[in-house]
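Please treat every number below as a calculation from the coordinates, not as lab data. Nothing here was measured: the structure is a model prediction, and the numbers come from that model. Methodologically, a virtual Cβ is constructed for each residue, glycine included, from the backbone with ideal geometry; neighbour enumeration extends over all protein chains shown.
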Amino acid sequence: MKTVNKNLAFLIKKAGINATKLAKATGINQPTVHRILSGESDDPRSTTLAPLAEYFGCSAEALRSIDLERMYEKHPAETMLKLMENLKDENNAATNVAFLAPLVKKMKEVLVIGTVEGATDGSLKEMRPTEDFSNLVIEYPGRGKDVYALRIKGEAMRPRIRSGEFIIVEPFTEPRSADDVIVIFDDGKKMLRELLYVRDGDVTLGPINGNSVPISIPTKDLKLQYVAAIIPRGKAYKAE
């Protein structure tokens, strides 16, 4: 499921409303809301996302690219208390979840460490730098000094990831089922896959693009790094 679909479902649940109420409040027709929630529409237009984002007190880009549920889980205790207070106002869903907005705005500069070319099976090939990556950063509310970004080259991972887009990786965030992950094997090879489940000492990984089959690998032979977000092209810049 794309980030935008997951985020909208999460925000609706936290606000205590349903798709019908959301459609009425934002002026977005109900079938469109349902298509986003079901995943049928996994890349809505900005004109569609804007009123939804405004209603929930965050940005359209946050809806599209940031895992808001995971961010919510990392919130400090004082924010949890604020949420509990806001939930008393049953008539104002925007207030109920506006606690997300300050967090979304607490951006940090995440370093782009290089470019990888994706294959249809999810394999990642590190590319020789064709440009100066020194001090190339992306603004993202990632936590921890070890968060990094990679640029993806090639169209093998469409429609999930397009050529030129970036992925944000949080190495020490524990991934869960349905999360995208960087798979690092003992021999140094890497893949970008979807974590399906871990069972009986094996991890089962699904394809990013639907063009290959799931694979199962002993957990002892690899490590997983959580992919926190997919960032559109043109968002990286040179840090001063």
> If you add up the charges near Pro175, with Lys and Arg at +1 and Asp and Glu at -1, over every other residue whose beta carbon is less than 12 angstrom from its beta carbon, what do you get?
Replying inline: -2
> Considering only segment 108-238, what is the antiparallel percent among its DSSP beta bridges, to the nearest 5?
Replying inline: 90 percent
> Given R₀ = 35 Å, FRET efficiency for Asp43-Thr204 by Cβ-Cβ distance, to 0.05?
Replying inline: 0.85
> With the calculation restricted to Cα positions, what are the radius of gyration and Dmax of segment 108-238 in angstrom?
Replying inline: 14.3, 45
>> Cut-off is 10 Å between beta-carbons; in what order do Val116, Val181, Val213 appear when sorted fewest neighbours first?
In response: Val213, Val116, Val181
> On full extension of the chain, what length is gained from Tyr237 through Glu61, given 0.36 nm per residue of separation minus the C-alpha to C-alpha distance?
Replying inline: 61.7 nm
> Stretch Ser163-Met127 to full length: gain in nm at 0.36 nm per residue minus the Cα-Cα span?
Replying inline: 11.6 nm
> What Kirkwood radius, in Å to one decimal, follows from the Cα pairs of segment 168-229?
Replying inline: 11.6 Å
